[in-house]
1. Springs between alpha-carbon pairs under 10 angstrom, Gaussian network model over chain B: which of B:Ala104, B:Ala135, B:Ala19 fluctuates most?
2. Give the ranking of B:Ile134, B:Ile279 by solvent-accessible surface, highest area first, calculated with a 1.4 Å probe.
3. Between A and B, buried accessible area summed over both sides at probe 1.4 Å, in Å² to the nearest 100?
4. How large is Rg over Rh for the protein assembly as shown, taking Rg from the Cα atoms and Rh as the Kirkwood inverse mean of 1/r across Cα pairs?
5. Where the Cα atoms of chain B are projected onto their three principal axes, how long is each span, largest first, in whole Å?
6. Near B:Leu298, within a Cβ-to-Cβ distance under 13 Å, what is the net charge of the other residues, with Lys and Arg +1 and Asp and Glu -1?
7. Normalised by the number of residues in chain B, what is the relative contact order in percent for Cα pairs under 8 Å and 6+ residues apart?
8. Pick out which of B:Ala309, B:Ala99, B:Ala239 has the largest mean-square fluctuation in a Gaussian network model of chain B, springs linking Cα atoms closer than 10 Å.
Amino acid sequence: MSARLSRPLVATLALGIVLGIVALDLATAGAPDLFTAPSAIALGSGAAPTGAHCSGN
Amino acid sequence: MILRRASVLLVALGFALFAFVMAGPRAGLLVLIGLGFGLVLEGMRFGFAGPWRMIVTDRDGRGLIAQLIAIALVAAVAFPLLAANSTELVPAHAPVGFAMILGAFVFGAMMQLVMGCGSGTLVNAGSGNLVGLIALAGFIGGSFAGTLHLDWWTALGALPVLSLQGMLGPDLGLVATLIGLALVAGLTLARAAPGKRMPPRRLWLAAALIAALALANLVIAGQPWGIVYGLGLWGAKIAQAGGADLGATAFWAAEANATRLASSILTDVTSLTNIGLLIGAFAVMRWRTDPGAQTQALTATSYAAVLAAALILGYSARLAFGCNVGAFFSGISTGSLHGWVWLLAAFAGSTLGLRLRPILLRPTSTQGAYA
């Protein structure tokens with residue numbers, strides 16, 4: 001099976017899956033609200049970070 | 001070839017621009033950081049799971065020493081940065097507990113079966129490795145499944161969140177972290193064979209670049225580099241699109257996670273760097289004149305074993321509060337005690353995984369076990 005699935009083909013599949021998830025998400029959750037977008041850099045923004053991390057419970 | 005390389009640049013920079021336009025400048029910058037991670041990890045062959053295997057099987061400590069250098073570089077900057085900006089920047093601190101230790105042990109074993117940790121799975125899939133693609137699908141499913149049971153697992157018992165800066169203060173905490181890393185480096189050097197101790201120039205440079213990118217991640221996102229949360233979120237998004245009511249689960253009902261679930265992926269820090277990382281690895285593979293041969297074909301049973309191992313890999317990463325990146329790299333470099341415990345448990349699991357590998361992964365040819 002792997003002989004027929006070249007690296008470029010498999011990589012394109014992986015990229016397609018991830019971009020497909022992004023597209024599915026945009027279709028269901030909608031586009032982000034740019035007016036509530038955080039400042040470009042957290043450090044110096046004066047705002048607490050709002051992202052979630054693997055170490056969070 | 002020029003057309004191919006132009007299309008690679010278009011994909012890589014195009015997604016960063018897309019994120020910038022759709023979700024703002026921070027999103028665009030985080031995709032660029034992810035791209036950087038992918039370029040360095042794939043282009044300079046800086047890895048996590050591979051060096052953990054090499055120190056055991058080949059007595060080659062060069063990759064592991066490079067990891068420790070990168071962590072030390074990040075810690076030297078992150079400790080004072082976090083201490084001076086505690087309202088804007090957060091560390092990767094998590095509690096040590098039964099489930100966390102078990103999760104790290106199992107994660108270590110499974111990452112040797114799928115031949116990649118959190119970042120390694122993204123790099124492998126993005127660079128066209130078939131095992132990596134299967135592992136990515138399993139990791140997404142497993143890390144999502146882990147969120148559904150995390151409250152049960154953590155109820156088995158855990159210590160409060162403990163950090164070195166919390167116990168010793170930021171200065172002594174940093175010193176203790178650097179001493180700890182030096183001790184691990186000493187053990188690595190003692191185990192490594194002559195000629196396989198000091199990293200080559202490529203790995204020194206890669207370690208410095210990874211550290212710079214990790215610090216940029218901390219400064220721009222306000223939190224350290226992570227992988228697992230984004231993959232679990234992708235699984236949750238797919239489940240939700242399929243009609244699952246995740247609001248009934250403890251993890252996704254929690255305010256921070258509910259917000260992430262209701263918001264676009266393009267606003268999630270770890271998703272953005274994950275996507276950038278995968279595209280970065282894709283770009284390196286497509287940029288090369290020869291993309292390289294596909295990994296050795298395995299039996300159908302072995303591919304099924306890879307998928308099962310990847311599901312467990314993702315599940316255990318959620319229990320362990322992170323993978324090699326979120327727990328080991330970011331945990332230790334920002335002072336979390338759980339990062340050190342993760343290292344011990346995952347390394348023990350990794351040695352078990354190395355023993356399971358030739359049993360579970362069998363090539364279709366008769367040339368021996370999967371290399």
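1. Highest fluctuation of the listed residues: B:Ala19.
2. Order by accessible area, largest first: B:Ile134, B:Ile279.
3. Summing both sides, the interface buries roughly 4600 Å².
4. Here Rg/Rh amounts to 0.94.
5. Sorted from largest, the Cα extents of chain B read 55, 51, 43 Å.
6. +2
7. Taking the mean separation of contacting Cα pairs over the length of chain B, I get 37 percent.
8. So, out of B:Ala309, B:Ala99, B:Ala239, the one fluctuating most is B:Ala239.
The values are calculated or read from the model by the stated rules, or taken from the named source; none is laboratory data. Fair warning: this is a prediction, and the values are worked out from it, not measured in the lab. Counting neighbours? That spans all protein chains shown, and the Cβs are built from the backbone with ideal geometry, glycine included. For accessibility, only protein heavy atoms count, side chains too; no ligands or nucleic acids. Shrake-Rupley method; radii C 1.70, N 1.55, O 1.52, S 1.80 Å.
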